[in-house]
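Asks: Attaching a single structure in structure tokens format; questions to follow.
The values are calculated or read from the model by the stated rules, or taken from the named source; none is laboratory data. In this text the structure is predicted, and so the values were computed from the model without any measurement. We place every Cβ from the backbone using ideal geometry, glycine too, and count neighbours over all the protein chains shown. These accessible areas exclude ligands, DNA and RNA; they are computed on the full protein's heavy atoms, side chains included. Shrake-Rupley method; radii C 1.70, N 1.55, O 1.52, S 1.80 Å.
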Amino acid sequence: MNNFEYYRPTRILFGKGQIEQLSRLLPRDTKILMVYGGGSIKKNGVYDQVTAALKGFDYLEFGGVEPNPEYETCMRAIELVKKENIGFLLSVGGGSTLDATKFIAAGAKFAGQDPYDIITKGLPVADALPLASVITLPATGSEMNGNAVISRASMGLKASFVSEKVYPQFSVIDPSVTFTLPVRQTLNGIVDTFVHTMEQYCTYDVNTPLQDEWMLALMRVLIAETPKVLADPEDFNARANIFWCATCGLNHFMSLGCVQDWATHGIGHELTADYGLDHAQALAVVLPRLLQTQKATKKGKLAKLAYEVFGVNEPDEIKAAGVAIYKIEEFFGSIGMKTHLKDYGIDRTEAAEKTRAKFAARDIHLGEHANITADTAYEILMGS
Ligand code: NZQ
Ligand code: ZN
């Protein structure tokens with residue numbers, strides 16, 4: 001097992017009716033900015049619950065954060081934060097709204113010219129406004145991590161930063177607010193969670209049996225709960241289990257001491273930047289092909305996954321690894337998640353060439369062996 005250090009100061013309030021706890025936890029001595037997305041919260045009652053809890057607080061609202069949150073939108077919010085002397089940010093929405101809130105928190109305190117340098121130049125976040133979230137979509141784990149992914153269309157970029165300074169102070173997770181998720185977003189969340197787990201699990205063994213079993217268990221539970229929410233979107237227990245899978249899927253706890261991959265995400269972000277695919281749609285296209293190209297080095301973990309998640313009975317390790325890849329793609333297909341670029345009308349040669357050029361320009365090396373380079377990404381997308 002590799003060395004690790006773990007620190008997670010985020011308080012989690014999980015369950016029905018927890019939004020009212022905002023009135024207990026939010027600060028009363030500073031002005032709050034409530035940040036939200038395109039309006040789903042106004043249709044599903046979340047806005048009403050939040051504003052009821054905010055009665056008596058000094059707060060303003062900033063709406064309109066788009067999926068795959070855009071730099072320009074965040075910059076407008078940063079201007080407002082400075083003008084209004086905001087002291088605390090409350091994100092109400094999905095991972096995009098929360099990621100934007102994290103960037104706003106860091107950007108408002110950024111001492112240099114352009115806060116996007118935190119992302120492109122990897123500048124450290126020296127300071128950030130405190131923030132919290134009401135998370136309404138199980139997918140990103142952003143509610144319990146310090147990551148944020150921000151797009152900058154004018155530069156053709158979708159990229160991330162990570163900082164302890166933007167851990168939410170607390171996150172409210174009420175699974176009943178996910179009853180209103182469109183099927184597409186429910187599936188996106190399930191696939192994103194599955195792929196997060198794969199990125200952390202499916203590398204090579206460094207003797208982490210407990211972590212491996214947690215991650216395999218998460219995948220088993222996710223697969224078992226998925227048909228329940230598709231059959232009945234208001235199945236509270238299934239929604240709750242899926243949400244907790246998503247949060248645990250990327251609070252970085254279950255993979256402590258493990259070797260990680262993250263190449264599927266790296267390539268997937270390029271597809272989203274170039275073609276506007278939803279984050280999880282891009283991941284579902286990349287993952288099976290990436291596993292295929294890396295089967296020889298990932299075979300131990302893949303075979304274990306075949307046995308423990310899919311109940312495969314195939315003693316030959318490399319054959320079992322192949323079956324695992326097949327089963328993953330079959331799972332995505334069975335819930336209606338497409339796994340080929342052509343399913344979205346995207347020309348794979350063009351996509352592969354674009355990604356190869358961008359990876360080459362940035363000299364990118366991803367994956368647990370740092371062997372996913374421009375040429376490997378090209379090969380992966382040509383196979384899709
Ligand atoms: O914008 P509104 O109107 O709120 O609608 C949203 C949006 O259209 C809607 N929605 C959210 N909750 C809802 C709801 N509709 C009905 N009922 C609800 N309860 O769903 C749509 C998608 O929302 P979005 O926030 O974009 O989805 P998600 O949570 O999947 O976030 C995706 C973003 O997170 C990044 C992705 O790259 C992408 O930009 N990621 C962030 C990570 C992190 N911070 O750790 C890790 C991930 O790997 C990922 O990269
Ligand atoms: Zn993801």
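Conditions (1) touching a helix residue (DSSP H, G or I) at 6+ places or on another chain (Cβ under 7 Å); (2) open to solvent by 20 Å² or more (accessible area, probe 1.4 Å); (3) assigned to a loop (DSSP other than H, G, I, E, B), marked per residue:
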| position | (1), (2), (3) |
| --- | --- |
| LEU13 | yes, no, no |
| LYS16 | yes, yes, yes |
| PRO27 | no, yes, yes |
| GLY38 | no, yes, yes |
| VAL50 | yes, no, no |
| ARG76 | no, yes, no |
| LYS82 | yes, yes, no |
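Residue-by-condition table, conditions (1) in the same structural domain as ASP114 (by TED's automatic domain parsing); (2) of a type outside the set (Phe, Trp, Tyr):
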position: MET1; (1), (2): no, yes
position: GLN21; (1), (2): yes, yes
position: TYR36; (1), (2): yes, no
position: GLY39; (1), (2): yes, yes
position: GLY56; (1), (2): yes, yes
position: PHE62; (1), (2): yes, no
position: TYR71; (1), (2): yes, no
position: LYS83; (1), (2): yes, yes
position: GLY87; (1), (2): yes, yes
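Asks: Now a separate question. Residue under question is ILE223, and the condition is that it be open to solvent by less than 10 Å² (accessible area, probe 1.4 Å) and either outside any helix (DSSP H, G or I) or assigned by TED's automatic domain parsing to the domain that holds ILE328 (or both); does it hold?
Replies: Details: open to solvent by less than 10 Å² (accessible area, probe 1.4 Å): no; either outside any helix (DSSP H, G or I) or assigned by TED's automatic domain parsing to the domain that holds ILE328 (or both): yes.
Here the answer is no, as ILE223 does not meet what is asked.
Asks: Quickly run through the range 275-307 and pick out the residues that are open to solvent by 20 Å² or more (accessible area, probe 1.4 Å), more than 15 Å from the chain's Cα centre (by Cα) and closer than 13 Å to LEU341 by Cα.
Replies: TYR275, GLY276, ARG289
Asks: Of everything in the range 226-262, what is assigned to a helix (DSSP H, G or I) and charged (D, E, K, R)? Give them in sequence order. Spell out how you get there, then give the answer.
Replies: To start, the set of residues in the range 226-262 that are assigned to a helix (DSSP H, G or I) comprises 226-231, 236-249.
Residues satisfying the conditions are LYS228, ARG239.
Asks: For the range 140-184, which strands (runs of 3 or more DSSP E) that fit wholly inside it have 3 or more residues that are open to solvent by 10 Å² or more (accessible area, probe 1.4 Å) and either touching a residue at least 12 places away in the same chain (Cβ under 8 Å) or more than 9 Å from ligand 1 (Cβ to nearest atom) (or both)?
Replies: Passing ranges, in order: 147-152, 157-162.
Asks: Which count do you get for residues in the range 198-210 that are over 19 Å from LYS338 (Cα atoms) and open to solvent by less than 10 Å² (accessible area, probe 1.4 Å)?
Replies: At the first step, the residues of the range 198-210 found to be over 19 Å from LYS338 (Cα atoms) are 199-210.
Applying the additional criterion that residues be open to solvent by less than 10 Å² (accessible area, probe 1.4 Å) yields 199-203, 208.
So the count comes out to 6.
Asks: Whether any residue in the range 261-274 is away from ligand 2 (no atom under 15 Å from the Cβ), out of contact with any strand residue (DSSP E or B) (no Cβ under 8 Å at 6 or more places or on another chain) and either within 23 Å of ASP174 (Cα to Cα) or open to solvent by 30 Å² or more (accessible area, probe 1.4 Å) (or both) is what I want to check.
Replies: Within the range 261-274 (the criterion being away from ligand 2 (no atom under 15 Å from the Cβ), out of contact with any strand residue (DSSP E or B) (no Cβ under 8 Å at 6 or more places or on another chain) and either within 23 Å of ASP174 (Cα to Cα) or open to solvent by 30 Å² or more (accessible area, probe 1.4 Å) (or both)), the answer is yes, since at least one residue qualifies.
Asks: List, please: which pairs have Cβ atoms under 6 Å, are six or more places apart or on different chains, and start with a residue in the range 186-204 that is within 10 Å of ligand 1 (Cβ to nearest atom) and end with one that is aromatic (Phe, Trp, Tyr)?
Replies: Close Cβ pairs (under 6 Å, with a partner that is aromatic (Phe, Trp, Tyr)) amount to GLU199/TRP262.
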